[in-house]
Structures are given as structure tokens and as C-alpha cells.
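Student: I have a structure I would like to understand better, so I am pasting it below and will then ask my questions one at a time.
The values are calculated or read from the model by the stated rules, or taken from the named source; none is laboratory data. What you see is a predicted model, and the numbers here were worked out from it, not measured in a lab. Because the Cβ atoms are built from the backbone with ideal geometry, glycine has one as well, and the counts that use them run over all protein chains shown. With ligands, DNA and RNA removed, areas are computed over all heavy atoms of the protein, side chains included. Shrake-Rupley method; radii C 1.70, N 1.55, O 1.52, S 1.80 Å.
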Amino acid sequence: MAEFDTDLFVIGGGSGGVRAARIAANHGARVTIAEEYRMGGTCVIRGCVPKKLLVYASHFHQEFEDATGFGWSVPPVTFDWPTLIANKDREIARLEAAYTANVEKSGARVLKVRAVLEDAHTIRLASGETLRSKYVLIATGGAPNHGAAIPGIEHVISSNEVFHLPHLPRRILIQGGGYIALEFACIFAGFGSDVTVVYRGDNVLRGFDEDVRTHVRGEMEKRGITILTGCTVAKVDKHAKDFTSHLSNGSSIASDQVMFAVGRHPNIRGLGLDKAGVALNPENGGISVDAFSKTSAPNIYAIGDVTHRVNLTPVAIREGHAFADTVFGKREVRVDHADIPTAVFCQPEVGTVGLTEDQALAQFSHVDIFKATFRPMKATLAGRDTRMLMKLVVDGSSDRVVGCHIVGDGAAEMVQILGIAVKLKATKADFDATMALHPTAAEELVTMRTPTARHVRAAAE
Ligand SMILES: Cc1cc2nc3c(=O)[nH]c(=O)nc-3n(C[C@H](O)[C@H](O)[C@H](O)COP(=O)(O)OP(=O)(O)OC[C@H]3O[C@@H](n4cnc5c(N)ncnc54)[C@H](O)[C@@H]3O)c2cc1C
């Protein structure tokens, strides 16, 4: 009898696990992958993909309004939430089937079941069956975390439930200041809901460039979203038809739904990590891994959100691919976590890559800032009160562009391409040498000539 039933057992059929399973199978490994909910994981089932579909849907409201300035007469429009949700669910089901089919086509075996570790090589399935595997990959992702157990927490929904609401809430309170909270605030505002954001910090989007934070908040407020900072939801009361949220500042807010998006925790509960000798990272609570995603158990690896490094789909995919190449492809591959482009699909959208101004100031003695805010051309005839922000952060000593930050339509698409320039270590002179493409918003990135701020730190005596 063979010592192992399979060469690789992957726990979790999300972005990272699916990629790792497919690539390992392509390298000739016997692969088994277990998924306890739906193949595709958070991104496909209740994250990036359904969210972006809702973002697209919520944009139409503004488009209809703006069209009149361009000569269109738009008849009164109506929106039907159940139609949107049903269409979205159909697309997600299609993607889920495609994910399963692609993994199976690679030769991997898919088990729709929860799996946990008995020891470093033994996996126990919820069906009671056990399997022995030479290697194990933990790719169990993360889950919403509601924070402190305040009275009435059972009435609060997370980003998991928000995709399945039977009705569009007329009024919604969203607690959180990160990207998921702001994206859903803008989605619901786009559908005409009355939206209040409650955030304990002093401004939204902690960790982003300060100019981006201020600009986004101002633009969201212009769109009618109420943003309350420096307070939290202390209690939620449920009534027959709605809810009252009592805030730490003594005020209270009535709404039809209360959603929290205050953070996510790695999915490690009940996984049997201690039985298998897998240690956690005390700094972030995720599974501790080395540069090749190897855990403290030599045959067990972990990738994606469960390691709590950079919780983004393309990162989980890259880590899964690198793991499969390293362990089964005879080619050691490390993932470079520097300069990862990222977006917030709020309205207007944020795209950012590289260092914020504050991060650059901490690293370099000479930092030049190039910044422009302007009214996008489309807003002129539309009569819309909105401004776009473009910002370049430059290491003044080497002339390297070390950070790009954009708030405005198309920011995410622009920053994906700008990410190549930043990765190639392009200088401000390279940006200046690039011909503008007119008329675009992006041309601003190659035409900002004079620094708006110049920080020079005196050399230490
Ligand atoms: C609302 C929302 C919006 C997002 N938007 C974006 C975005 O725009 N861009 C972006 O890059 N990222 C986005 N993300 C983050 C992105 O979804 C994650 O970074 C990504 O899905 C992580 O992939 P993963 O493979 O690590 O885990 P996941 O995709 O979470 O997959 C883990 C899988 O493991 C399964 N599982 C867990 N435990 C077990 C077990 N014991 N046995 C069997 N199966 C198990 C789970 O059911 C899940 O399917 C978003 C996330 C959320 C919540």
C-alpha cells in the first residue's frame, strides 16, 4: 500500500488553493482539494466579483443624471434589487462551475467537504474519512470579524450577508472605514439609499495616503453619504421593521440594515493546527510562514488570507502558484510583496501603488510631491461637482517615482498600468519624457512639472 493517498492535499478552494491545486497537478502531482462551502472562495462567491457587479450596477444612477447635460432626456428610471441579485447569483454560479471544471480538468480531485488536520500528514474529512498526504497546503482564507460583542450584535450583517439581502435597504448604517465599508457605502448610495458610515478613527481609509483619505471623504460627503468619525456603534436595538444603532458619542441612528465591515480574521478555528505543529504569527494572528510560504511544519505550507500578509486575490493566486512551482515544479519561487497595486471601488474610485507621502518621508531624505486636483472633463457638461486627484511621490535623490495615488474615474485601471512603471523603477524624468495622450485624465500624470511640495531632511551632524 502506498505510504500516502495523495501528494498534495489543499484545504480551501478559493483563489489561492485553486491555483496551487491546478499548477501542482500540471507538474504531475496527485492532488486532492477540499472546499467546505463553494468553489471559488471569497473572491468569486462573496468578495471581489459580486462586489464589482454591484459597483457597476450602482454607477448607472449617476450616468442617467449626467446624461441630461449631454442632451439626453432620460425617462424616470426605476431599479429592481431582486433582479440584480438574481442576475449576479447566476453569474456567480457559472463561475463556480467553471472553477470546479478547471481544477478537475487539471487532474486534481475535488471534494466538497470540510477538512481539518489530525497530524502533519493526516487530514480528517467531515464525512469521517481520513486521508494521508505527503504535503498539505492550508488555503482557508479569512472571515468577517464583528469586533467587540456589543448588545444587539446578532442583528448586524457582514459582507457575507449583504450580497443576499431580499430588499434594498432604504437606510443603511455601515460601521468601518476600510475599503469594504466604503465600497458598500457607495454602492448603496448609488442605488439611492440613505447611507451613514460610522468609523472609530479620525478619517477613513487608514493606511492610504493622507491626501487620498481627505479627498475620498470629501467626495463621498458630496454624494450625500454621512460619515461620522471618532465614534463606534455601542448597541443595536431591533424593532418590528427597523433598527436603532446607539453610538458611543451618545447619538442614535435609525436604519433598515446595520452592516459591520471592521476587519477580517484568518480562518484557523478548529483546523487542528496545533496537532500538526503549525505555529501562528503572533504579530498578525495568521499562520506563520517563510518566504516560500512554508509553515513551522516542514511538509505544510499556507498561502493567501490565512497568512494575513497582503489580503488580496492576486496575491493569494501568486502565492499559490509560487508554492506549486517550488514544491512540485523543481523551481524555487518567492513572491515579491513590494509595490502591489490596489484599488478601492468606492465612488470616485481609488487606485494606488507604492509608497504614501508619509512612508516616503520615513525612508528618503529628499521627497518631491507632484499633485493636481481638477474637474474631470465629463463633469463639466454633466454639471457634477466632483474633482479628481493625481499624486506622484518621488524620491528626490534618485528621481524614482515611488508612489502613485489617483482618486477618480478609471483610477484602478490606470494604476494597474502605472504599477509596471513603478516596478521597473521609472524616474520622474521617464514620466516627463512620455508624450501625453489627449484628452484624458491620465495625461496629468506625465504633465505635472513643478513639485507642489519638496521635503528635504537635513543630514544628521
Ligand atoms: C467583500 C470583499 C471584497 C473584496 N474585494 C477584493 C477586491 O476587489 N480585490 C482583491 O484583490 N481582493 C478583494 N477581496 C479579498 C479577496 O477576496 C481575498 O484576498 C481572497 O479571496 C483570498 O483568497 P484565499 O485563497 O486566501 O481565500 P478564500 O478565497 O477566502 O478561500 C478560502 C476557502 O477555504 C474554504 N475553507 C475554509 N476552511 C475550510 C476547511 N476547513 N475545509 C474546507 N474548506 C475550507 C472557504 O470556504 C473558502 O472557500 C475582497 C474580500 C471581500 C470580503
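Student: Cβ-Cβ distance below 8 Å, separation of 6 or more or different chains: which pairs start in the stretch 230-248 with a residue that is basic (Lys, Arg) and end on one that is outside any loop (DSSP other than H, G, I, E, B)?
Tutor: Final answer for the pair search is Lys235/Ser245; Lys235/His246; Lys238/His155.
Student: Given (1) surrounded by fewer than 21 Cβ atoms within 10 Å (Cβ to Cβ); (2) farther than 28 Å from Gly383 by Cβ; (3) touching a helix residue (DSSP H, G or I) at 6+ places or on another chain (Cβ under 9 Å); (4) touching a residue at least 24 places away in the same chain (Cβ under 8 Å), identify the lone condition not met by Gly12.
Tutor: It fails just one condition, (1).
Student: Could you tell me which residue of the stretch 288-343 is nearest to the ligand (Cβ to nearest atom), considering only residues that are in contact with a Ser or Thr (Cβ under 6 Å, 6 or more places away or on another chain) and of a type in the set (D, E, K, R)?
Tutor: My answer is Glu319.
Student: Has the stretch 31-46 got any residue that is within 16 Å of the ligand (Cβ to nearest atom), in a loop (DSSP other than H, G, I, E, B), at pLDDT 95 or above and under 30 Å from Pro348 (Cα atoms)?
Tutor: Taking every residue of the stretch 31-46 in turn, at least one turns out to be within 16 Å of the ligand (Cβ to nearest atom), in a loop (DSSP other than H, G, I, E, B), at pLDDT 95 or above and under 30 Å from Pro348 (Cα atoms).
Student: Within the bounds of the stretch 87-105, is there any residue that is open to solvent by 20 Å² or more (accessible area, probe 1.4 Å), part of a strand (DSSP E or B) and within 15 Å of the ligand (Cβ to nearest atom)?
Tutor: Within the stretch 87-105, none of the residues are open to solvent by 20 Å² or more (accessible area, probe 1.4 Å), part of a strand (DSSP E or B) and within 15 Å of the ligand (Cβ to nearest atom).
Student: Of the numbered conditions (1) closer than 24 Å to His265 by Cα; (2) among the hydroxyl-bearing types (Ser, Thr, Tyr); (3) in contact with a Ser or Thr (Cβ under 7 Å, 6 or more places away or on another chain), Ser159 fails exactly one; give the number of that condition.
Tutor: Among (1) closer than 24 Å to His265 by Cα; (2) among the hydroxyl-bearing types (Ser, Thr, Tyr); (3) in contact with a Ser or Thr (Cβ under 7 Å, 6 or more places away or on another chain), the lone unmet condition for Ser159 is (3).
Student: If you don't mind, another one. Could you tell me how many of the residues in the stretch 379-394 are open to solvent by 40 Å² or more (accessible area, probe 1.4 Å) and more than 30 Å from Lys423 (Cβ to Cβ)?
Tutor: Qualifying residue count for the region: 5.
Student: Within the stretch 407-422, work out how many residues are assigned to a loop (DSSP other than H, G, I, E, B) and within 18 Å of Glu210 (Cα to Cα).
Tutor: 1
Student: Could we say that Asp194 is open to solvent by 50 Å² or more (accessible area, probe 1.4 Å), touching a Lys or Arg at 6+ places or on another chain (Cβ under 8 Å) and either on the phi > 0 side of the Ramachandran plot or more than 16 Å from the ligand (Cβ to nearest atom) (or both) here?
Tutor: Answer is yes for this residue.
Student: A further question follows. Exactly one condition in (1) open to solvent by less than 40 Å² (accessible area, probe 1.4 Å); (2) at pLDDT below 95 is false for Lys330; which is it?
Tutor: (1)
Student: Mind listing just one residue for me: the one in the stretch 11-26 that is within 6 Å of the ligand (Cβ to nearest atom) and out of contact with any strand residue (DSSP E or B) (no Cβ under 9 Å at 6 or more places or on another chain) and, of those, farthest from Ala322 (Cα to Cα)?
Tutor: For the stretch 11-26, the residue satisfying everything is Gly14.
Student: Any idea which of (1) under 14 Å from Cys404 (Cα atoms); (2) not in a helix (DSSP H, G or I); (3) not hydrophobic (A, V, I, L, M, F, W, C) is the one Asp358 doesn't satisfy?
Tutor: Asp358 satisfies all of (1) under 14 Å from Cys404 (Cα atoms); (2) not in a helix (DSSP H, G or I); (3) not hydrophobic (A, V, I, L, M, F, W, C) except (2).
Student: Here are some residues: Val394, Val407, Val422. Which one is touching a His at 6+ places or on another chain (Cβ under 6 Å) and among the aliphatic types (A, V, I, L, M)?
Tutor: Testing whether each residue is touching a His at 6+ places or on another chain (Cβ under 6 Å) and among the aliphatic types (A, V, I, L, M) leaves just Val407.
Student: Further question on the same structure: What residue, among those in the stretch 264-287 that are closer than 19 Å to Gly14 by Cα and open to solvent by 10 Å² or more (accessible area, probe 1.4 Å), is farthest from the ligand (Cβ to nearest atom)?
Tutor: The extreme case among them is His265.
Student: Write out, first by first residue and then by second, each pair whose Cβ atoms fall under 6 Å of each other, whose residues are 6+ apart or on separate chains, and whose first residue, in the stretch 32-57, is farther than 25 Å from His121 by Cβ and free of Cβ contacts under 8 Å to residues at least 40 places away in the same chain while the second is open to solvent by less than 20 Å² (accessible area, probe 1.4 Å) and more than 8 Å from the ligand (Cβ to nearest atom).
Tutor: Here the result reads Leu53/Lys88, each pair linking the stretch 32-57 to a residue that is open to solvent by less than 20 Å² (accessible area, probe 1.4 Å) and more than 8 Å from the ligand (Cβ to nearest atom).
Student: List the residue pairs whose Cβ atoms are under 6 Å apart, where the first residue sits in the stretch 298-310 and is surrounded by 24 or more Cβ atoms within 10 Å (Cβ to Cβ), the second is of a type in the set (Lys, Arg), and the two are 6 or more positions apart or on different chains.
Tutor: Taking only residues 6 or more apart or on different chains, the pairs are Tyr301/Lys294.
Student: Taking the options Ile225, Ile180, name whichever one is at pLDDT 95 or above, under 17 Å from Val55 (Cβ atoms), open to solvent by 20 Å² or more (accessible area, probe 1.4 Å) and of a type in the set (Val, Ile, Thr).
Tutor: The match here is Ile180.
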